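Since every read-out is calculated from the coordinates, none of them should be taken as a lab result. What you are looking at is a predicted structure, and each value in this text was computed from that prediction instead of being measured. Cβ sites come from the backbone with ideal geometry, for glycine too, and all protein chains shown count toward neighbours.
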Amino acid sequence: MRRHPRPNDLVRPADERPARSAAERPWGTRHDGQQRVGGYRLVRVLGEGRSAVVHLGHADTAADDEPRRAAAVKVYRPGIPAERIDVEVAALAAVSHPHVLRLIDIATAPDGRPCLVVERCAAGTLAGLVANRSSLAAGEAVTILAPLVAAVEALHAAGFVHRDIRLPRVLFRQSGAPVLAGLGHATRIEAALPPAALAAHPEVLDDRVQLARLVGAVLERVEHPGARGIESWLERAPQSADDFTARLSDALFDLAEAQPVRMRDDGSPPVTAAQPRRPAAAVDAPGGVTVTTRLVAAARALAVRTRGVRRGVWVAAAGMAVSLLVAALAIPTGDTRAEPGGQQSERVESADTGASAAPPDGAVPGDDARGSDDARGNDEARGDDARGDDGVAPVGEVVLGDDPVAAIVVLLDERDRCLREISVLCLDGVAQAGSAAMERDAAVVRALQAGGEQTSDAAISAEGPVLVERLGDSALLDLGDVPETQPASALVMRGEAGWRIRDYFDE
């Protein structure tokens, strides 16, 4: 039965009403340093909207010589349609562009709500810049607008429309680079459409109209005759022209040489980002989002769509979904120029220091990062002589080897030993540092250390595991015929120390 407020509750001052303890408040509404998601500790609220609350998150782990990574953790409100979240995740994962908000990871809150971990852009918004600056130099406008035109092009080429291109949706990194964010209203279109078909798409046309308005709002602050010329052209130019964005980009680069952006009118120095360069040609190599992040995104999005589906169907669907992801990796993703000046924007800006932190755990190392024979240990270097009397490779060799299916069996056996020994340190050989899997398993061990009993859902085993798909040193595995209380699949990654579990996915 719903409890209606008593009359006294309605008139009693807030500070006299019974206060709920921190533990009684809904998850995500308190910031005492104890609430975590996806390996990030929630520090404070950065912003709220109708669909989500965005928190400042600090990574639980960092190397001794690095600042703790800061990120924005977007926690969706209850009741947001899964399909809407799915599209936002897919768009962020598919668009590899240095001026589109970078997806770091995807996680699930303790109460089951999905969460996105994205880069934190701590230097403000374009709306704030326009409000704080009475005028802009022509070169500043080029630095702001040219990358955004390229970002919108990349979004459309990947098969998505933004639908909400406005000044508040453009953020700035500490480096001064503009970033297109706000993809919560994005929708899908067919990817890799020919230019004529893309330009004729009504939702693409709507995006271009919004982009033209944004460009005009910035150019209004520019006292330069060339800015008036671009404004006049935008008023009469057909946004449905095949080459609309290319011509707009050319017009911006012809306006002036790009220069650093000053965020306020108070004499503060400009930010020192390298400036945009006119593209000589489209770059066909994907960049920006790591293969692992895309694989995580595919698995998470698939989990949203297949809740309640039989395991056999899930495996088939997973294979199809990741095959589509492989195809997406081969599609040119538009302008992968880095931040103006040629450096890829692969580092998360630290909210506290303004310095760049290392790439997130989960970046896929190349073949040269797997370690030499010496790094793998003497047994590995000896090759066949290292095998036991029964011909079975030792545990270390399996974990360092090339077979993720064999590795997951060994890793889960080692995880079981860690639980028996009630050791968090032991988990370093099982789960990737800072990953969702490490967070989950460490919580189980700490509960045991506090005197709790191991529950049935704490056990995770692999009974006939199956490789769903592999992308480089990342692999998605179905764990086989396991109890319904256990995760249905796992994502593993191989680094210098061998295979480690990054995440578990429930069916």
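Have a look at HIS99, ALA82, VAL117 and report the one farthest towards the positive end of the charge dipole of segment 36-119, computed about the Cα centre with Cβ charges (Lys/Arg +1, Asp/Glu -1). Result: ALA82, furthest along the dipole toward the positive end.
Quick check: residue separation of ARG446 and VAL424 times 0.36 nm, minus the Cα distance between them. What number comes out in nm? Could you put the intermediate results ahead of the total?
Values: separation 22, 0.36 × 22 = 7.92 nm, distance 0.75 nm.
Result: 7.2 nm gained on full extension.
For segment 95-246, a crude dipole built from +1 on the beta carbon of Lys and Arg and -1 on the beta carbon of Asp and Glu, taken about the Cα centre, is about 380 debye to the nearest 20. Each part reduced to its alpha carbon centroid, segment 182-196 and segment 412-483 end up 38 Å apart. Label sites at ALA196 and SER240, each approximated as a point 7 angstrom past Cα along Cα to Cβ, lie 1.4 nm apart. Between THR455 and GLU220, the distance separating the two model label sites (each 7 Å from Cα on the Cα→Cβ line) works out to 5.5 nm. Evaluated with a Cβ-only charge set (Lys, Arg +1; Asp, Glu -1), segment 33-177 carries a dipole of roughly 440 debye about its Cα centre, given to the nearest 20.
How big is the convex hull of the Cα atoms of segment 36-119, per residue, in Å³? Walk me through the numbers on the way to the answer.
On the way: hull volume 8.5 nm³, N = 84.
Taking the convex hull of the Cα positions in segment 36-119, it is 101 Å³ per residue.
Note on SER135/ALA82: beta-carbon distance plugged into 1/(1 + (r/R0)^6) with R0 of 51 Å gives a FRET efficiency of 0.65.
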